[in-house]
Amino acid sequence: MKIAIGCDPNAQEAKEELIKFMEEKGYGEITDFGSEDPIYANTAVKVAEAVASKEYDRGILICGTGIGVSIAANKVKGAYAALLSDVYSAKRARLSNDANIACMGAFTIGNKLREELTDAFLTNDFVPGCSSQPKVDAFVEYDNAR
């Protein structure tokens, strides 16, 4: 799996801890898109474009709350970013919604929960033909038409 990760300067430490965790778990090739830009939207869009283009399988974005990077990433056609705060939602982001980017807060959740959310997000996959398929098809159709 190829994973793109980025954050704002506030989340640098959280991102570094998460990269270390993913490397230890052997999740695949991880590319750091940086954290120097104080305008988190710039990093979020770069990660979202890389994932939407299918150059990367999944993306992870972190800012203070995760809200800003989520909003910014979702402006990119083909990027489906989910703000994660609990393990059930992290699983459902993949299983029910086929989200391709996980967004999390550096100030709102701790490292252990961030690891659990990442694990749930990266180890679950959308099941084509499942009961959620028509819902996913609807937002993908809208996205493709814009």
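Some points to look at:
- Residue satisfying all of: in the range 94-146; surrounded by 15 or more Cβ atoms within 10 Å (Cβ to Cβ) and among the aromatic types (F, W, Y); nearest to K20 (Cα to Cα) among these: F121
- The single residue among G6, G28 that is within 15 Å of S70 (Cβ to Cβ) and in contact with a Lys or Arg (Cβ under 7 Å, 6 or more places away or on another chain) turns out to be G6.
- The set of residues from the range 22-52 being of a type outside the set (S, T, Y), in contact (Cβ under 8 Å) with a residue 60 or more places away in the chain and surrounded by 17 or more Cβ atoms within 10 Å (Cβ to Cβ) comprises just one member, M22.
- Every pair of residues 6+ apart whose Cβ atoms lie under 7 Å, when the first sits in the range 59-78 and is touching a residue at least 24 places away in the same chain (Cβ under 8 Å) while the second is surrounded by 22 or more Cβ atoms within 10 Å (Cβ to Cβ) and assigned to a loop (DSSP other than H, G, I, E, B): G59/N100; I62/A106; C63/D8; C63/A106; G64/A106; A73/A79
FYI, it's all coordinate maths here, none of it is from the lab. The structure presented is a predicted model; accordingly, all values stated were derived computationally and were not measured. So basically every Cβ, Gly included, is an ideal-geometry build from the backbone, and we count neighbours across all protein chains shown.
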